[in-house]
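The values are calculated or read from the model by the stated rules, or taken from the named source; none is laboratory data. In this text, all values refer to a predicted model and were calculated from it rather than measured experimentally. Backbone-built Cβ (ideal geometry, glycine too); neighbour counts: all protein chains shown.
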């Protein structure tokens, strides 16, 4: 029987409403681009990000230190260029609208804060997230969740994204725990579940789809408290009734 001693989480769409906030922010910028739609803008931004900073590109290592305003300025300029637009004033206006809308829409997902409150006194908690180091930490602080975590690792901090098992090994070393003592929760089967499984961690898939590869599947984060690995630790903060997994 494995004794659980630490829990790590994915960040985006596992703990915080990243996709919803991004969509709201992009919609807020569309009035500035009357000849575009949400899909063309989303595609331009995604293609631009991959070209500038995708894993394997020369720019990837810059994500470890690149300040958020500079990243967003470069990304917006590149996306607009792909749409045939070059306008510094438009870039500035889009960045302002995006930031304002994202700040309102970005929130902890339901049950997250309550679950972390129950876990924190009994387990060291950490985050492994794929994304720019500054942006990921700023989002975590903005929604008021930063204080729950003793370790926060963006993939660029290490040098490779999930599901690379070396990234998970690096995270385990930060807590001085072995893989068999760790559990990882995330919403991506290809990045989170695959990474945890390959690394010898307990994998938990958070979502509504079927994920046969995961050790456990939950549809709401609070269901994590009822999983056998947590129940078997006999932590007094975790109720034993109403298990769902």
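A few notes on this one:
- Some residue of the stretch 205-222 being touching a residue at least 60 places away in the same chain (Cβ under 8 Å), surrounded by fewer than 20 Cβ atoms within 10 Å (Cβ to Cβ) and more than 22 Å from residue 3 (Cβ to Cβ): yes
- Within the stretch 174-192, the only residue that satisfies the criterion of being touching a strand residue (DSSP E or B) at 6+ places or on another chain (Cβ under 6 Å), in a loop (DSSP other than H, G, I, E, B) and over 23 Å from residue 207 (Cα atoms) is 177.
- Yes/no for residue 168 being outside the structural domain of residue 59 (by TED's automatic domain parsing), touching a strand residue (DSSP E or B) at 6+ places or on another chain (Cβ under 6 Å) and at pLDDT 95 or above: no
- Residue within the stretch 12-19 that is surrounded by fewer than 16 Cβ atoms within 10 Å (Cβ to Cβ), part of a helix (DSSP H, G or I) and either modelled with pLDDT of 95 or more or not assigned by TED's automatic domain parsing to the domain that holds residue 70 (or both) present: yes
- Check on residue 196, part of a helix (DSSP H, G or I) and over 14 Å from the mean Cα position of the chain (by Cα): yes
- In this entry, residue 26 is excluded by the filter for residues that are in a loop (DSSP other than H, G, I, E, B), outside the structural domain of residue 227 (by TED's automatic domain parsing) and crowded, with 17+ Cβ neighbours inside 10 Å.
- Count of the stretch 146-161 residues, restricted to those that are out of contact with any strand residue (DSSP E or B) (no Cβ under 6 Å at 6 or more places or on another chain) and at negative phi, is 9.
- Every residue from the stretch 202-226 that is assigned to a loop (DSSP other than H, G, I, E, B) and closer than 22 Å to residue 111 by Cβ: 207, 208, 209, 210, 211, 214, 215, 219, 220
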